[in-house]
1. I'd like to check something: does region 109-125 contain any residue that is farther than 23 Å from residue 37 by Cβ, touching a residue at least 24 places away in the same chain (Cβ under 8 Å), open to solvent by less than 50 Å² (accessible area, probe 1.4 Å) and in contact with a Gly (Cβ under 8 Å, 6 or more places away or on another chain)?
2. What do you reckon, is residue 144 under 30 Å from residue 16 (Cα atoms) and either modelled with pLDDT of 95 or more or touching a Gly at 6+ places or on another chain (Cβ under 6 Å) (or both)?
3. Would you check which residues across region 93-118 are over 10 Å from the mean Cα position of the chain (by Cα) and part of a helix (DSSP H, G or I) and list them?
4. Just checking, how many residues over region 34-46 are loosely packed, with under 12 Cβ neighbours inside 10 Å and either closer than 23 Å to residue 86 by Cβ or in contact with an Asp or Glu (Cβ under 6 Å, 6 or more places away or on another chain) (or both)?
5. Go through region 74-104 residue by residue and tally those that are modelled with pLDDT under 95 and open to solvent by 60 Å² or more (accessible area, probe 1.4 Å).
6. Any residue in region 1-15 that is over 20 Å from the mean Cα position of the chain (by Cα) and either among the polar types (S, T, N, Q) or at pLDDT 95 or above (or both)?
7. Within the set of pairs 6+ apart or on separate chains, which have a first residue in region 182-195 that is under 12 Å from residue 166 (Cα atoms), a second that is in a helix (DSSP H, G or I), and C-beta atoms under 6 Å apart?
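The values are calculated or read from the model by the stated rules, or taken from the named source; none is laboratory data. Please read these numbers as outputs of a predicted model, since none were measured by experiment. Because the Cβ atoms are built from the backbone with ideal geometry, glycine has one as well, and the counts that use them run over all protein chains shown. SASA here: full protein model, heavy atoms, side chains in, ligands and nucleic acids out. Shrake-Rupley method; radii C 1.70, N 1.55, O 1.52, S 1.80 Å.
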Amino acid sequence: MLVLITMGIFKNRLRHPVTSFVVRICIALVLVLTEYSFHLWFIYHQKWDVTTTLPLQLSSISLFLAVFLLLTRRFFLFEITYFVGSASALLAMITPDLGVYGYPHFRFFHFFIAHGGIIVAAFYMIMVEKYKPTYLSIWKTFLSLNLFVILIFMLNLFLDANYMYLMAKPLSNTLLTYLGPWPIYLLSLEGIAILAFHLLYLPFIFTKWTNTSNDHSGTTQFNS
């Protein structure tokens, strides 16, 4: 939250091309190093396994999308990072799946830095780079997410894995705990995704209405 407030205060200064480039690289490096250290921890403790540790959970996918967004500034990557990345990161931080790795364990700090970094990347593009999603962005993102889910589902069958919790719920209490048995909770997540995407789009609707209202007000005053 402090990082977002700071970006909001200094957004005009951050728009300088050199400053913007340096800040984007720094955020991207933090995200990459966070993910890299995560895998090093698994390797060091001999827990790295192809069925559980590939970067195919939604948080890891969102993290790499955020990195590529910061490096390339592609609008399509922004759409997915904002809606999928922000929504999943916020929900994950509300109901973290950390098991026995609570504060002050390394996994605790990794979890919140990685998820928080995804949100910071998305909002950097909004506040500093002035990116704005459209309503169509919601459905492009939703379609892209479902196509990726199909791919991960097939990979889970091949590896006998449970990436993105498509085959079973996590053992700890998360949002999925309250969404019914498999496969009902997967259908519930579809509805939650659509709702979350619309909620994330609300600020842009409000801004558009405000700008339109101000334009009309200015025109009326000028004409009078």
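1. From region 109-125, those farther than 23 Å from residue 37 by Cβ are 123, 125; that's our starting set.
Next, from what is left, pick out any that are touching a residue at least 24 places away in the same chain (Cβ under 8 Å): 123, 125.
Adding the requirement that they be open to solvent by less than 50 Å² (accessible area, probe 1.4 Å) leaves 125.
From what is left, the residues that are in contact with a Gly (Cβ under 8 Å, 6 or more places away or on another chain) are none.
Among the residues of region 109-125, not one is farther than 23 Å from residue 37 by Cβ, touching a residue at least 24 places away in the same chain (Cβ under 8 Å), open to solvent by less than 50 Å² (accessible area, probe 1.4 Å) and in contact with a Gly (Cβ under 8 Å, 6 or more places away or on another chain), which makes the answer no.
2. Values: under 30 Å from residue 16 (Cα atoms): no; either modelled with pLDDT of 95 or more or touching a Gly at 6+ places or on another chain (Cβ under 6 Å) (or both): yes.
Against the criterion (under 30 Å from residue 16 (Cα atoms) and either modelled with pLDDT of 95 or more or touching a Gly at 6+ places or on another chain (Cβ under 6 Å) (or both)), residue 144 does not qualify.
3. Pass one, region 93-118, residues over 10 Å from the mean Cα position of the chain (by Cα): 93-113.
Correct list: 93, 94, 106, 107, 108, 109, 110, 111, 112, 113.
4. 1
5. Qualifying residue count for the region: 7.
6. Of region 1-15, the ones over 20 Å from the mean Cα position of the chain (by Cα) are 9-15.
Applying the additional criterion that residues be either among the polar types (S, T, N, Q) or at pLDDT 95 or above (or both) yields 12.
Yes.
7. 185/176
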